[in-house]
Amino acid sequence: MKDRERSSSNARGGKAKNGPLLNPLDFIAEDHMREREVCAVLERLVAGFPIDTDERQMVLSFLTLQLPQHLADEEIDLFPLMLERCDPEEDINSVIDKLESDHVHALADAPAIAALIEEMEPGDAPFPELARAQLTEFASHARRHLILENAIVLPIARVRLTKDDLKTMRDHMLERRGLDQRQENETC
């Protein structure tokens, strides 16, 4: 059990929080934390550790619901705003091109990963080799992607995006999630 706990906490570095969408960049960072949690669970599955029902549901929810919304947040709002606000010498274009390419792969691969998790029954034997390779590749790719976003994109966005940019992003993110902006403002 200690190995499982150590693997989980080291891999994710903390636990994502759910709360009101105050600052869209903070919310994106929380989505990144959730994605790291998913990667940790996938890596535990590859290692043959069992996961509980809550972890299974968290992974499925992230892959099928939250990940597509998160990628839309970045592609529809964050990346275009970054391209508009950044200076040419910051060369943000090449970083965003790489991230958008990663998004294509993530959207294509996430349903297959979710299907593997869906098929898994509690107490199942470890995944077959091919499935373990798919889980490993997905988690590795996601982690590399998150490094670019957390180390380069989000810090620059925090400097370059205006208050109006952040408000527009926030409004679009709430809209994408079917949340009422007035209600969300009351919880702030």
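Out of region 41-66, which residues are of a type in the set (Lys, Arg) and closer than 15 Å to ALA131 by Cα?
ARG44
Taken together, LEU63, LEU22, LEU99, LEU83 contain a single residue that is of a type in the set (A, V, I, L, M, F, W, C), part of a loop (DSSP other than H, G, I, E, B) and within 26 Å of ASP171 (Cα to Cα), which is LEU22. If I ask for residues that are surrounded by 15 or more Cβ atoms within 10 Å (Cβ to Cβ) and either among the aromatic types (Phe, Trp, Tyr) or free of Cβ contacts under 8 Å to residues at least 24 places away in the same chain (or both), which ones from region 59-69 would you list? Within region 59-69, PHE62 is the sole residue that qualifies. Taking region 167-180 on its own, how many of its residues are out of contact with any Asp or Glu (no Cβ under 7 Å at 6 or more places or on another chain) and buried (at least 19 other Cβ atoms within 10 Å of the Cβ)? Here the count works out to 1. Only a single item in (1) more than 14 Å from PHE138 (Cβ to Cβ); (2) more than 15 Å from the chain's Cα centre (by Cα) is not met by GLU74, and it is number (2). Mind telling me which of the residues GLU74, GLU100, GLU129 ends up being at pLDDT 95 or above, open to solvent by 10 Å² or more (accessible area, probe 1.4 Å) and among the acidic types (Asp, Glu)? On inspection, the qualifying residue turns out to be GLU100. Among the residues making up region 132-151, those that are open to solvent by 60 Å² or more (accessible area, probe 1.4 Å) and among the aliphatic types (A, V, I, L, M) are ILE147, ALA151.
The values are calculated or read from the model by the stated rules, or taken from the named source; none is laboratory data. If you're wondering where the values come from, they're calculated on a predicted model, not measured in any experiment. Counting neighbours? That spans all protein chains shown, and the Cβs are built from the backbone with ideal geometry, glycine included. For the accessible areas, the whole protein counts, side chains as well, though only heavy atoms, and no ligand, DNA or RNA atoms are used. Shrake-Rupley method; radii C 1.70, N 1.55, O 1.52, S 1.80 Å.
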